[in-house]
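Read through the structure below, which is laid out as structure tokens, and then see the notes.
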Amino acid sequence: MKLDNSKKLFVSGDEAVALGVRLARPHVISAYPITPQTVVVERLSEMVEDRSLDADFMHVESEHSALSAAMGASAVGARAFTATSSQGLLYMAEVLSYCSGGRFPVVMMNANRALALPWSIFGDQSDSLLLLGSGWIQCYVEDAQEALDMMIQAYKIAENSQILTPFMVNLDGFILTHTYELVDIPKQSQVDDFLPPFTTPNKMSLENPMNLGFSSTPADNLEFKYQQHQALLNALPIIEEVDDEFGDRFGRYYGGVLETYQTDDADFVMITVGSITGTTRVVVNTLREEGKKVGLIKLRYLRPMPEEALLEAIGDAKAIGVIDKDISFGHEGTIFTNVNSALAKSSVAIKKHNFICGMGGRNISKNDIKEMYKLLEDSTKGKDVPAVNFINLNTSVSEVE
Amino acid sequence: MQNLERITPRNIDAKEYFYGHKACAGCGCALAVRLALKVIGDGAFSILPAGCMSAVGFIYPQMAFVNNSMISTFPGAASLAAGVAAGNKALKREGTKTVVFAGDGGTADIGLQALSGMIDRDDDVLYICYDNEAYMNTGIQKSGLTPFGAKTTTTPAGEHIHGTQTNKKRLFEIIAAHDIKYAATASIGYYQDYINKVQKAASIKGATFIHVACSCPTGWGTPTETSVEIMKEAVDNGLWFLAEYENHKFTLNHNPKVFTLISEYIKKQGRFKHLNEHDIKTIELYRDKMWERMREEWKNN
């Protein structure tokens with residue numbers, strides 16, 4: 001299938017990613033196939049073949065090499081892209097920290113998918129959440145349009161000289177990667193104006209030979225890590241600026257680090273990450289019609305963690321719920337941990353509940369989300385609601401415990 | 001690269017590219033890196049995975065490489081190098097040559113998959129494996145290229161097991177089986193041959209490979225001043241060989257009529273001092289079979 005740069009195209013999330021990557025003009029693409037990421041690399045290969053994309057497509061033999069090669073290209077000042085999912089992301093995990101520690105602003109698309117065992121090709125967010133500490137910026141999108149737009153924004157943010165940090169754009173496996181939507185395609189000339197060519201002081205060149213990727217002794221190590229941490233914090237205001245500029249030029253604003261919906265007077269606020277935001281928004285509308293004071297916060301970035309913006313968005317809510325398509329076994333959902341930490345540091349004491357659902361591609365229905373809002377309301381009325389709740393757990397399993 | 005038909009120790013670039021590093025005295029691997037960079041010159045982008053040469057060369061803030069250099073992940077030297085070459089090509093930079101310096105473990109064990117991919121894609125990278133026959137950087141552990149009988153810290157020599165019980169992987173042939181454009185074996189004991197091969201490999205556009213045998217006084221228990229001569233001896237006694245693979249064919253470059261004594265080579269090294277006559281006989285038999293096969297199949301010239 002040929003993807004031209006028409007004004008609008010009916011495409012899948014994966015295809016929207018490929019279109020966004022082409023508009024960002026990467027020099028080198030290195031990728032290894034894994035469901036449900038495959039369509040991204042298939043389309044990019046076709047674009048290289050039909051010469052609508054002037055990039056070197058490297059057919060690497062593994063995900064480890066996919067990111068290693070992308071990092072190599074970035075280390076000489078070339079713009080690089082890779083894409084993966086699930087086991088593939090874990091297989092390249094070692095390279096994630098090399099790439100972030102080396103300050104190489106590679107952009108990667110990750111199709112969020114369950115982790116084995118049991119083997120599953122279907123979506124949840126266990127893969128990327130396991131790697132929150134890898135030093136990458138992590139962004140989660142809600143639909144195909146946002147996926148395309150974020151490929152362009154990702155390079156602009158990652159390559160900022162104050163940041164120089166790799167960027168992971170996450171799409172829920174199948175729910176986003178394989179769902180077709182009408183997507184607006186920006187003009188190449190507009191994208192070129194928005195996203196200048198990649199320049200970095202942190203590269204090997206004949207004019208200025210450098211030794212990169214070195215080792216450090218205990219005397220220097222903390223200082224490198226501190227600068228890396230600082231770079232991610234620097235990204236917080238720059239994410240907002242880039243989103244504003246993107247909105248001004250292309251007409252689509254995403255709210256920066258997070259988007260709020262009906263939170264101003266809300267008593268019960270659900271925090272969502274990724275595609276579940278759409279369903280939750282519909283539930284908010286329904287419950288609002290019933291007079292319930294409910295709202296939602298779509299958390300777009302988990303690294304850097306936008307703690308300040310999150311606290312402001314939660315405002316005077318009586319209870320918050322966090323939907324986690326992941327479980328850190330023996331503890332709680334990872335997003336819940338992160339949100340809780342922000343609240344605890346600011347001594348905000350409200351009811352907080354974690355909803356574990358959607359694992360391995362399990363559907364999360366509108367009724368499930370209504371039930372979550374009900375649990376939040378029950379909790380504020382003094383009912384005993386557990387901190388961590390598994391939604392839709394099969395009774396035959398829950399009785400065994 | 002120097003614009004010379006043949007680079008020799010007399011006319012080789014006086015400029016040093018690898019110095020101030022913390023390699024052990026008499027390190028054969030440091031010599032292999034130093035010579036190769038003198039041949040390739042300023043355009044070299046060297047990539048080193050975890051191993052002795054990266055450990056001794058990049059201790060911030062003392063960087064030992066004059067040319068562009070970078071440490072890769074342990075399994076990812078070939079893929080990082082491939083990306084560097086692709087990036088330089090995409091940016092239309094002329095006069096660069098990406099070269100990997102990886103140890104025996106980094107090549108024959110953990111780095112083999114990425115190396116296979118690099119050769120399969122024919123990326124413009126010269127991959128040099130400096131083989132000192134064990135994981136020396138981590139303290140002398142057995143690798144896939146540790147020879148039979150060698151004592152390492154993970155193959156101790158005791159009453160029941162006499163050190164390493166397996167033979168070296170036939171890495172050169174594994175590489176050749178990819179039908180690579182050019183591959184060679186070399187030894188720092190025959191440095192002119194090694195220089196020739198680096199010059200040839202670096203001039204070829206695409207994936208090339210050199211497996212250079214290097215001594216390790218620390219890991220082998222040999223005097224530091226014998227590092228070059230012992231690597232000559234390893235070739236003369238037939239435990240190592242000098243060969244090339246190009247145009248889909250193997251060539252033996254050096255075919256000794258009579259081998260020098262393996263027992264002489266072995267008694268000079270602490271790693272072999274536990275070996276008895278039976279063990280040495282086993283090594284001789286292995287060598288003889290290897291040469292019988294190479295002479296038969298490779299049709300020496």
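Being part of a helix (DSSP H, G or I) and touching a Gly at 6+ places or on another chain (Cβ under 9 Å) is the filter here; which residues of region A:154-177 pass it?
A:154
For region A:127-151, enumerate the residues that are assigned to a helix (DSSP H, G or I) and either within 12 Å of the chain's Cα centre (by Cα) or surrounded by fewer than 19 Cβ atoms within 10 Å (Cβ to Cβ) (or both).
Hits for region A:127-151 are A:127, A:128, A:129, A:130, A:132, A:133, A:146, A:147, A:150, A:151.
Please list, ordered by first then second residue, the pairs with beta carbon atoms under 9 Å, 6 or more apart or interchain, first in region B:36-47 and away from chain A (no Cβ under 13 Å), second surrounded by fewer than 22 Cβ atoms within 10 Å (Cβ to Cβ) and of a type in the set (Asp, Glu).
Between residues of region B:36-47 that are away from chain A (no Cβ under 13 Å) and residues that are surrounded by fewer than 22 Cβ atoms within 10 Å (Cβ to Cβ) and of a type in the set (Asp, Glu), the close pairs are B:38/B:13; B:38/B:16; B:39/B:13.
State the number of residues belonging to region A:360-372 that are loosely packed, with under 14 Cβ neighbours inside 10 Å and closer than 18 Å to residue A:269 by Cβ.
Of the residues in region A:360-372, 1 are loosely packed, with under 14 Cβ neighbours inside 10 Å and closer than 18 Å to residue A:269 by Cβ.
If I ask for residues that are in contact with a Leu (Cβ under 9 Å, 6 or more places away or on another chain) and surrounded by fewer than 22 Cβ atoms within 10 Å (Cβ to Cβ), which ones from region A:104-123 would you list?
A:115
Could you tell me which residue of region A:81-94 is nearest to the other protein chains (Cβ to nearest Cβ), considering only residues that are among the polar types (S, T, N, Q) and in a strand (DSSP E or B)?
Looking at the filtered set, the residue picked out is A:82.
Scan region A:52-64 and tell me whether some residue there is among the aliphatic types (A, V, I, L, M) and touching a residue at least 40 places away in the same chain (Cβ under 8 Å).
Looking through region A:52-64, none of the residues is among the aliphatic types (A, V, I, L, M) and touching a residue at least 40 places away in the same chain (Cβ under 8 Å).
Where in region A:283-352 are there strands (runs of 3 or more DSSP E), lying wholly inside it, with at least 3 residues that are more than 22 Å from residue A:136 (Cβ to Cβ) and at pLDDT 95 or above?
Fully inside region A:283-352 and qualifying: A:294-299, A:319-324.
Looking at (1) more than 25 Å from residue A:19 (Cβ to Cβ); (2) in contact (Cβ under 8 Å) with a residue 60 or more places away in the chain; (3) not acidic (Asp, Glu), can you tell me which one residue A:131 breaks?
Going through (1) more than 25 Å from residue A:19 (Cβ to Cβ); (2) in contact (Cβ under 8 Å) with a residue 60 or more places away in the chain; (3) not acidic (Asp, Glu) one by one, residue A:131 breaks only (2).
Please go through region B:140-179 and pick out each residue that is β-branched (Val, Ile, Thr) and more than 20 Å from residue B:293 (Cβ to Cβ).
Across region B:140-179, the qualifying residues are B:140, B:146, B:152, B:153, B:154, B:155, B:161, B:164.
Looking at region B:12-28, which of the residues that are among the aromatic types (Phe, Trp, Tyr) and in a loop (DSSP other than H, G, I, E, B) is nearest to residue B:136 (Cα to Cα)?
Ranking the candidates gives B:19 first.
For a quick check of your reading: which helices (runs of 4 or more DSSP H) sit entirely within region A:10-80 and have at least 3 residues that are modelled with pLDDT of 95 or more and more than 14 Å from every other protein chain (Cβ to nearest Cβ)?
Qualifying helices (runs of 4 or more DSSP H): A:13-23, A:38-49.
Give the number of residues within region A:353-372 that are assigned to a strand (DSSP E or B) and in contact with a Cys (Cβ under 7 Å, 6 or more places away or on another chain).
Number satisfying all stated conditions: 0.
Could you list all residues from region B:157-213 that are assigned to a loop (DSSP other than H, G, I, E, B), of a type in the set (D, E, K, R) and farther than 20 Å from residue B:99 by Cα?
Result: B:159, B:168, B:169, B:170.
Is it the case that residue B:120 is more than 10 Å from chain A (Cβ to nearest Cβ) and at pLDDT 95 or above?
no
Results for (1) modelled with pLDDT under 95; (2) in a loop (DSSP other than H, G, I, E, B); (3) within 12 Å of another protein chain (Cβ to nearest Cβ), shown as yes or no for each residue.
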| site | (1), (2), (3) |
| --- | --- |
| A:198 | no, yes, yes |
| A:209 | no, yes, yes |
| A:225 | no, no, no |
| A:228 | no, no, no |
| A:235 | no, no, no |
| A:242 | no, no, no |
| A:264 | no, yes, no |
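Just checking, does region B:229-241 include any residue being among the acidic types (Asp, Glu) and farther than 30 Å from residue B:177 by Cα?
yes
Please state which one of A:393, A:375 is surrounded by 12 or more Cβ atoms within 10 Å (Cβ to Cβ), free of Cβ contacts under 8 Å to residues at least 12 places away in the same chain and either more than 26 Å from the chain's Cα centre (by Cα) or not in a helix (DSSP H, G or I) (or both).
Checking each option against the conditions leaves just A:393.
Between residues in region A:342-356 that are within 19 Å of residue A:302 (Cβ to Cβ) and residues that are modelled with pLDDT under 95 and not basic (Lys, Arg), which pairs lie under 9 Å by C-beta distance while being six or more apart or on different chains?
Pairs that qualify, where the first residue is within 19 Å of residue A:302 (Cβ to Cβ) and the partner is modelled with pLDDT under 95 and not basic (Lys, Arg), are A:342/A:348; A:343/A:349; A:356/A:393.
The values are calculated or read from the model by the stated rules, or taken from the named source; none is laboratory data. This one's a predicted model, so the numbers in the text were calculated from it and none came from an experiment. Virtual Cβ from ideal backbone geometry, glycine too; neighbours counted across all protein chains shown.
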